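Inspection log for the structure reproduced underneath, given as structure tokens.
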Amino acid sequence: MSEKVKKQFKTEVQQLLNLFVNSVYSNKEIFLRELISNSSDAIDKLRFKAQTETAILGNDTEFKIQIIADADKKTITIEDNGIGMTFDEVEKNIGTIAQSGTGDFLKALEKSKSNSSLSPEFIGQFGVGFYSTFMVADNVILVTKSIDSDKAVKWESSGDGSYTLEDTEKETRGTSITLHLKPVEKEEQDFTKEFVIKEIVKQHSDFVPYPVLMDVEKQEPLPETEQMVDKDGKPIGDTTKTVIKEETLNSMKAIWLKDKKDVTEEEYNEFYKHLSYDWNPPLTKLHMKLEGVTEYSALLYIPSKAPFDLFMRERKHGVSLYCKRVFIIGDCKELIPEYFRFIKGVVDAPDLNLNLSREILQQDALVRNIKKNIVKKVLSLLSDMEKEAYEKFYEEFGQVIKEGLHTDFENKDKLADLARYKTTKSEGKYVSLKEYVANMKPDQKNIFYMTGDNFASLVNSPHLETLKDKDYEVLLMTDPIDEFAVQSLVEYDGKKLKSAEKGDLDIDKPDDKKKENHEEYKDLFEFVKNALDSKVKDVKPSLRMKDSIACLSANDYDMSAYMEKILKESGQGAPNTKRVLELNMEHPVMGKINSLFGKDKNDTKLKEYSFLLYDLAVIGEGGKIENPSLFSKQIGELLNSVLA
Ligand code: ADP
């Protein structure tokens, strides 16, 4: 037997513990949900393993989670006959290595900078469940025996920076966690009280698929032989006695296997809460049963709010796979495409091959068929939604739908129908591509769009002036994913998507004058190009603008300005693509610059004006100019020269 060892918590874990130890958070009762859910996971793991290694169960085949409360000692114990942990596992899981969730949790907490974020759903989203015990306990003892070890391990801590580990005795497999409760403060719940525990389990753990048991006091009628009676045979004194009975506190309902008509709205919402820890009711749900070759039941929910970690790389998916109520795996990426990662729910497939490892799950024909089917159903659920509800959904999850546009080639058309954009004409409202096409002008050949990082500068962009003048609508795209989505989309309803800042706009030219202009101004353009040598690859007359003087454009296959910005900001180096400086030769200023050029090609002002034109183009698209103070000085001088 090894000696008792004392160890320090890793810094991150200790930070987290301090948070819990000093918590003033009012929903402290969720520690119980966390422990029950850990126990349930441990039984899931054992059960899954026992599918192929039946011997590991021994005689202990009735899975259960037991709660034992002791009001005198001020303790509450949660016990399970799950898979247990070895010495090394305890060290790894509890205390030493911060669970992947711990770091994220602290980061997210830091971001929000307030303790009010210590809400139940906030805690539940991370793998920090166990530590929440220190909200209510000043000492925690965990005793566990793994199926892989003859010895048991005892872990103990007061949450004060260190914990101890030692070998111990335990007869049965599984884990027992005893909390020495802090003194109950005014208006706080006493977690040794039967009715308190019952209520918490009902509220937070009702759908846990294993019985949560507790010994409860019950009044029973006295058996006749024990009943005192008077001389007439009538009972006197107590007619009942207090007995201790084991009671199951949760309903364990697998509502996903039930018929829709047998599930109430309240049960649906409760189950959603159980799955997601999200206290907002779901936006909508999909409950279905498919029979035939591909047989499965599914209960899937779409949350009403996007989780804060929707775009974090490590985030988990929300769908668990079951086989006839037996949990197989959670976080099942194999069932749901990446872009539907916000869906929460359960899929139960009775014909699943239980020998499947996670690695080969993806290749399993049944799993693949289920996935295909689910995608189809969810897509039609979304497209059948009422406009208002759908827009609410889109506000939260639109970005991921557009991610699908970029990644799911098979469903591209359906996803394109689900995409919504704000436009130059929509006054902040969403427009579908279908609506856009229906509103196209008779002579309009393409669907025009423009990408950028904010709506305000896009809507006033010089690039759009001619398009607006022709009364063409332009889709304004402000999500980084739009750049990728639009490249995958290519066309809709036979109409090409065309960037307003790239290549030839392919619109009917009002006249041929502009071509002549080009010849007429050839020397000037050459001059400006030379002056700006390092910045632009060409100087051209523009068809895009009406009132603005200058803008920058790219060739059809070049990166857009926004794309370059996204890549640079994400730390992936982007080539500095030189763009084309387009000048509006219809603008009087250009005529004046040209006549100055005609008079004296060596006028020093000309070079200065060239830079100014370039800076105007950059500012016009909401970009940052290289030398703002110089720009400001130049404008000052210009103002001075025009003002009398
Ligand atoms: P999470 O459960 O979210 O991973 P916890 O801090 O609650 O985070 O638990 C850390 C790990 O400790 C779990 O992932 C699991 O491996 C292990 N563990 C916790 N409770 C039990 C238990 N009752 N039985 C077996 N293992 C457990």
Among residues belonging to the range 583-622 that are under 45 Å from the mean Cα position of the chain (by Cα) and within 16 Å of S534 (Cα to Cα), point out the one that is most open to solvent (accessible area, probe 1.4 Å).
F611
Considering only the range 353-373, I want to know if a residue exists there that is more than 18 Å from F327 (Cα to Cα) and open to solvent by less than 10 Å² (accessible area, probe 1.4 Å).
no
Please state which of the following conditions Q634 fails to meet, knowing it meets all the rest: (1) within 29 Å of I481 (Cβ to Cβ); (2) open to solvent by less than 30 Å² (accessible area, probe 1.4 Å).
(1)
Identify, by number, the condition in (1) in contact (Cβ under 8 Å) with a residue 40 or more places away in the chain; (2) under 21 Å from L464 (Cβ atoms); (3) in a loop (DSSP other than H, G, I, E, B) that K601 doesn't meet.
(2)
Residue match in the range 564-574 (condition: over 35 Å from the mean Cα position of the chain (by Cα), modelled with pLDDT under 95 and not aromatic (F, W, Y)):
no
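Go through the range 266-294 and count every residue that is assigned to a helix (DSSP H, G or I), within 15 Å of S320 (Cα to Cα) and at pLDDT 90 or above. Steps first, please.
Looking only at the range 266-294, we keep the residues that are assigned to a helix (DSSP H, G or I), and these are 266-276.
With within 15 Å of S320 (Cα to Cα) added as a condition, the list becomes 271-276.
From the residues that got through so far, the ones that are at pLDDT 90 or above too are 271-272.
Adding up the residues that qualify gives 2.
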Within the range 85-105, restricting attention to residues that are open to solvent by less than 40 Å² (accessible area, probe 1.4 Å) and near the ligand (Cβ under 9 Å from one of its atoms), which residue is modelled with the lowest pLDDT?
G101
Quick one: would you say K28 is in a loop (DSSP other than H, G, I, E, B) and either free of Cβ contacts under 8 Å to residues at least 60 places away in the same chain or touching an Asp or Glu at 6+ places or on another chain (Cβ under 8 Å) (or both)?
yes
Quick check on K45: is it near the ligand (Cβ under 10 Å from one of its atoms), of a type in the set (D, E, K, R) and open to solvent by 10 Å² or more (accessible area, probe 1.4 Å)?
yes
Elements of type helices (runs of 4 or more DSSP H) in the range 421-515, at least 1 residues being within 31 Å of the chain's Cα centre (by Cα) and basic (K, R)
433-438
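Quick one: is I36 part of a strand (DSSP E or B), surrounded by 13 or more Cβ atoms within 10 Å (Cβ to Cβ) and within 15 Å of the ligand (Cβ to nearest atom)?
Numbers: part of a strand (DSSP E or B): no; surrounded by 13 or more Cβ atoms within 10 Å (Cβ to Cβ): yes; within 15 Å of the ligand (Cβ to nearest atom): yes.
No: the conditions fail for I36.
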Of the criteria (1) buried (at least 16 other Cβ atoms within 10 Å of the Cβ); (2) at pLDDT below 90, which one S297 fails:
(2)
Checked the range 168-190 for anything of a type outside the set (V, I, T), surrounded by 13 or more Cβ atoms within 10 Å (Cβ to Cβ), more than 16 Å from the ligand (Cβ to nearest atom) and under 17 Å from I200 (Cα atoms); matches are L181, E188, Q189, D190
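Tally up the residues in the range 525-573 that are in a loop (DSSP other than H, G, I, E, B) and open to solvent by 20 Å² or more (accessible area, probe 1.4 Å), please. Even if it seems obvious, please write down each step before you answer.
Initially, the range 525-573 is screened for residues in a loop (DSSP other than H, G, I, E, B), giving 532-535, 542-549, 555-560, 570-573.
Add one more test, that the residue is open to solvent by 20 Å² or more (accessible area, probe 1.4 Å), and what stays is 533-535, 543, 546-549, 555-559, 570-573.
So the answer is 17.
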State whether the residues of the range 77-84 include one that is open to solvent by 10 Å² or more (accessible area, probe 1.4 Å), out of contact with any Ser or Thr (no Cβ under 9 Å at 6 or more places or on another chain) and either away from the ligand (no atom under 11 Å from the Cβ) or modelled with pLDDT under 80 (or both).
no
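Please go through the range 276-289 and give me each residue that is open to solvent by less than 50 Å² (accessible area, probe 1.4 Å) and over 19 Å from Y390 (Cβ atoms), ordered by number.
Within the range 276-289, S276, Y277, D278, H287, M288 meet the criteria.
The values are calculated or read from the model by the stated rules, or taken from the named source; none is laboratory data. What you see is a predicted model, and the numbers here were worked out from it, not measured in a lab. Virtual Cβ from ideal backbone geometry, glycine too; neighbours counted across all protein chains shown. SASA here: full protein model, heavy atoms, side chains in, ligands and nucleic acids out. Shrake-Rupley method; radii C 1.70, N 1.55, O 1.52, S 1.80 Å.
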